[in-house]
Amino acid sequence: NADAFLAQVPPWLPGPEAAVAISGLVELGMAVALVALPRWRVQVGWFVAAFFVVVFPGNISQFLTQTDAFGLNSDLARFVRLLFQPLLVVWALWCTGALRALRTWWRARRGEREQG
C-alpha cells in the first residue's frame, strides 16, 4: 500500500511520491548489490547503514505527526521503532563485515601512529 510508505515521508520534503519511488529503487539496488557483489560487501554495508540514517527523519516525522502506518498505530509503537533504528545501522555494518573492516583499519592506523 503506497499510503503506508507515504506516511513516512516528512511533510517538508518535496515530491513525496518521488521520494518513495526513489527509496524503493535504492532498497532494491542494495539488496541486489549485497547478493551480486560479494567483493563490495563492506562498501555496500556502509551504504545500507547510511540509508538507514537518511530515512530516520521519516521515522521521526511519523512519530511527531502521529501517522499510522505499517501497524504502528500508537505513539508507543512509533517511539519504539525510533529506538530500533540505530540497531539497524549497527546490524548492517556488522552483517556486512564493515565493523570488522573499520576495527582493522583503526588498529592499523593506531599502530602507525605509535611507531611513527
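The values are calculated or read from the model by the stated rules, or taken from the named source; none is laboratory data. Treat the numbers as computed from the prediction; the structure is a model and nothing was measured. Neighbour counts run over all protein chains shown; Cβ positions are idealised from the backbone, glycine included. Note: accessible area is taken over every heavy atom of the protein model, side chains too, but ligands, DNA and RNA are not part of it. Shrake-Rupley method; radii C 1.70, N 1.55, O 1.52, S 1.80 Å.
Here are a few things to note about the model shown:
- Restricting Leu72, Leu34, Leu28, Leu76 to those that are among the hydrophobic types (A, V, I, L, M, F, W, C) and in contact (Cβ under 8 Å) with a residue 60 or more places away in the chain reduces the list to Leu34.
- Remark: pairs (first residue in the range 99-112, within 21 Å of Arg41 (Cα to Cα); second residue among the β-branched types (Val, Ile, Thr) and assigned to a helix (DSSP H, G or I); Cβ separation under 6 Å; 6+ apart in sequence or on different chains) = Ala101/Val42.
- Looking only at the range 1-39, residues that are aromatic (Phe, Trp, Tyr) and surrounded by 14 or more Cβ atoms within 10 Å (Cβ to Cβ) come to 1 in all.
- Restricting Arg110, Arg81 to those that are within 19 Å of the chain's Cα centre (by Cα) and of a type in the set (D, E, K, R) reduces the list to Arg81.
- Some residue of the range 37-47 being over 30 Å from Trp12 (Cβ atoms), in contact with a Ser or Thr (Cβ under 8 Å, 6 or more places away or on another chain) and charged (D, E, K, R): yes
Rundown of residues vs (1) assigned to a helix (DSSP H, G or I); (2) closer than 19 Å to Pro10 by Cβ; (3) open to solvent by less than 30 Å² (accessible area, probe 1.4 Å), yes/no style:
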{"position": "Thr67", "(1), (2), (3)": "no, yes, no"}
{"position": "Leu88", "(1), (2), (3)": "yes, yes, no"}
{"position": "Ala92", "(1), (2), (3)": "yes, no, yes"}
{"position": "Arg103", "(1), (2), (3)": "yes, no, no"}
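- Note on the range 40-50: among residues that are among the hydrophobic types (A, V, I, L, M, F, W, C) and open to solvent by 60 Å² or more (accessible area, probe 1.4 Å), the one that is farthest from Leu93 (Cα to Cα) is Trp40.
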